[in-house]
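Data block below; observations after.
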Amino acid sequence: MKDFLSPEISHQEQWKLIKQHLDYASQNSPFYKQIFKENAIDISAIKNEVDFRRIPMTTKEELQQQNLDFLAVDYTEIIDHVTTSGTLGNPVNFMLNEADLQRLAYNEYESFKIAGITKNDVVQITTTLDRRFMAGMAYFLGLRKLGAGIIRTGSGLPGLQWDSIKRFKPKFLVAVPSFLLKLIDYAKKHNIDYKSSSVRGVICIGESLLNEKLEDSALRKKIQELWNIELFSTYASTEMATAFTECEFHKGNHILPNLIYPEVLNEEGAPVENGEIGELVVTPLQVESMPLIRYATGDMVMQIYEPCDCERNSVRIGPVIGRKKQMLKVKGTSLYPQHIQEGMNALEISEYIIEAKKDDFGNDQICIKVSEEVLMKPTKIQELLRDKLQIKLEIQQISASELFQKKFPKESRKPIIFHDLRSI
C-alpha cells in the first residue's frame, strides 16, 4: 500500500513533493522530456515558485492531441481507463495504474473527512460509477478506505433513491445539487416525508454553492429552504484527480497540499492577490501514470489565503466563476454562464438552457430557452433577470421534449446547460 503524507504539511514539505514530481516527469514522461529540452529547462535549477513558473503551462489541447506522450508507465500497468466530461469539446483519455487508484482513494478519504464523514456513517452515491466517470469510482474507493457504509444507487431514478434511503438510512448523499430538487419534488408528489429521513448532509458535485462574495448561492438557499440538510461544495476534475472540499464553515474549498499544487494566475501569468479571480493552473502531485505539470484548467476561481475557522492552514479555492473560454460580452457587459444560472436559480426556474451565438457583426448573442411548462411568462423572466444582471437577454419558450433532448444529450454524463455555438 502506497504511503501518503498527511495533508497538513509545511510549504517546505510540499516543495519537496513538487521537486520529486518534476524529477519523475523528466525521467518518465515523453511529453515533459521534450518540453524541458525545447525550453532548455534544468529542473535541478528550479528552487522556488518564480523558477517554477518558467515551465510552460500545459493545455487541454496538448493533452488531447498528444495523449499517449503523457503516459509515464508501461501501458500494460494501466488498470482504469477514464475520460474527461468533454464540457469544452471532445473527452480526453486518462489512465490510472494501481498507485494512482490508491492515491485517488486517499484523496477522497481525506476529502470526506474534511466534510465530517466518519467510518460509522452510511453514504449513498447518487452519481454514476460507469460511463468512464472517474469521480464515481473515486467516491466508492474513498468511502471504502474510510470504512463507511456505501449504497451505490447511481444517477437518476428518484424512486430508487428514496427506496434506498428508507431501507439503508444513509446519513449522507453524494449528489449534484439540482438533483436534490428533483428528489424533493418526487417526495412531495409521492407523499414521502423527506424532512424526517435519515439524510443530514450532502457532498455536492458539479455546481457551485457559493457566489463571488463567498455567500450562499441561490441554489443552496433554495434547497435548504425546502430541506434542512447541510450541503458541502466540492470542486474537482479528471485531470486533477484531486478534490477540493468545503468544511463545516462553508467559506471555500480546502486543497490537499500533499496531493496538488495550485496556482491562480492573471492574464499575464502572474499570481493574483488574495480574493482576486484568475485561472486555476494545477500540478497534481504523486501521480504515476499521466503526470501533469502546470495544467491550465480554464476555470476562473478565487484563491483564499486567510486561515479558516476550522484551523486548517491550507489554501482554499473559491467557487468557479466560469470557464475562461465561456466568457460572454453582451452590450459592453462581461459575464459567465454561471451568472445567468445563478439568476435563474434565484427565480426558481430549472428547466432551461443557455445558447450563445455571434450576430452579423461578431458580437455575442445570448438566448435563454425555457420549457413551455414553466409558468412564468418570458417577459417577466426577462425583466427579473435584467434587474439581477443589468442586461436584457432574449427569452424563448420551447417544448419540454426539445429542451430535454438539448439538456441531456445521450453522449453526456451530466446535463448541458450552456451551449456555446459561437464558433459554429
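The values are calculated or read from the model by the stated rules, or taken from the named source; none is laboratory data. Remember, predicted model here, so these are calculated numbers, not experimental data. Cβ atoms come from the backbone with ideal geometry, glycine included; neighbour counts cover every protein chain shown. When the accessible area is computed, the model is the full protein with side chains, heavy atoms only, and any ligands, DNA or RNA have been set aside. Shrake-Rupley method; radii C 1.70, N 1.55, O 1.52, S 1.80 Å.
Distance from the Cα centroid of the stretch 83-141 to that of the stretch 154-181 is 18 Å (rounded to whole angstrom).
Treating r as the C-beta distance of Arg200 and Asp359 and R0 as 35 Å, the FRET efficiency rounds to 0.10.
Where both bridge residues fall in the stretch 350-424, DSSP classifies roughly 45% of the beta bridges as antiparallel.
Just to confirm, what accessible area per residue do you get for the stretch 8-134 at 1.4 Å probe, in whole Å²?
Details: 6240 Å² over 127 residues.
Accessible area per residue: 49 Å².
May I ask you to work out the translational diffusion coefficient for the stretch 350-398 at 25 °C, viscosity 0.890 mPa s, via Stokes-Einstein with Rh from the Kirkwood sum over Cα pairs, reported in whole µm²/s? Approximately 215 µm²/s, per Stokes-Einstein.
Pairwise Cα separations in the stretch 68-156 fall into 10 Å bins from 0 onward with the following percentages, short to long: 17, 42, 32, 10, 0. All other residues with a Cβ under 10 Å from the Cβ of Lys171 taken together, and with Lys, Arg as +1 and Asp, Glu as -1, what is their net charge? Taking every Cβ under 10 Å from that of Lys171, the sum is +1. Each Lys and Arg contributes +1 and each Asp and Glu -1, all at the Cβ; summed about the Cα centre of the chain, the dipole is approximately 1180 debye. Think of the stretch 311-424 as having a plus end and a minus end, set by charges on the Cβ of Lys, Arg, Asp and Glu; of Ser314, Ile349, Ile391, Ser314 sits farthest toward the positive end of this dipole. Of the whole protein surface, Ile381 contributes about 0 Å² of accessible area at a 1.4 Å probe radius. Exceedance of the 31 Å cut-off in Cα-Cα distance is limited, within the set Lys166/Lys369; Lys171/Lys388; Lys16/Lys221; Lys145/Lys406; Lys358/Lys388, to Lys166/Lys369; Lys171/Lys388; Lys16/Lys221; Lys145/Lys406.
By the compact-protein rule of thumb, 2.2 N^0.38 Å, the alpha-carbon radius of gyration of the stretch 298-358 corresponds to a ratio of 1.47. When the Cα positions of Tyr295, Asn107, Thr153 are compared along the charge dipole of the chain, Thr153 comes out farthest toward the positive end, with charges on each C-beta of Lys, Arg, Asp and Glu. Taking every DSSP bridge with both residues inside the stretch 290-424, close to 65 percent are antiparallel.
With R₀ set to 56 Å, the beta-carbon distance separating Lys380 from Asn90 gives a calculated FRET efficiency near 0.90. For the stretch 109-264, the orientation-averaged shadow of the C-alpha convex hull comes to 9.2 nm² (one quarter of the hull surface). Computed over the stretch 118-209, the range of Cα coordinates on each principal axis works out to 36, 27, 24 Å, biggest value leading. Ranked from largest to smallest solvent-accessible area, with a 1.4 Å probe on the protein heavy atoms, Glu268, Glu98 come out as Glu268, Glu98. A DSSP coil position with no more than 13 other Cβ atoms inside 10 Å describes the following GluC sites (Glu not before Pro) in the stretch 116-215: Glu215.
Between Lys213 and Glu230, the simple label model (points 7 Å from Cα in the Cβ direction) yields a spacing of 2.5 nm. Label point of Lys221 set 7 angstrom out along Cα-Cβ; within the stretch 180-215, amide nitrogens under 14 Å from it belong to 209-215. Using a probe of 1.4 Å on the protein chains alone, the accessible area found for Ser314 is around 20 Å².
Applying 1/(1 + (r/R0)^6) with R0 = 60 Å to the Cβ-Cβ distance of Asn48 and Asn191, what FRET efficiency is obtained, to the nearest 0.05? About 0.45, to the nearest 0.05. Shape class of the stretch 319-424 from the alpha-carbon gyration tensor: rounded, with the ratio a/c of largest to smallest axis under 1.5. Roughly what angle does helix 158-168 make with the longest principal axis of the chain, taking Cα atoms, 0 to 90 degrees, to the nearest 10? Helix 158-168 sits at roughly 70 degrees to that axis. Projected label points at Glu373 and Lys325, each 7 Å from Cα along the beta carbon direction, are separated by 3.2 nanometres. Scoring 394-406, 273-285 by mean Cβ neighbours within 10 Å over their residues and listing the highest first yields 273-285, 394-406. Heavy-atom accessible area for Glu62, with the other protein chains in place and a 1.4 Å probe, reaches approximately 50 Å².
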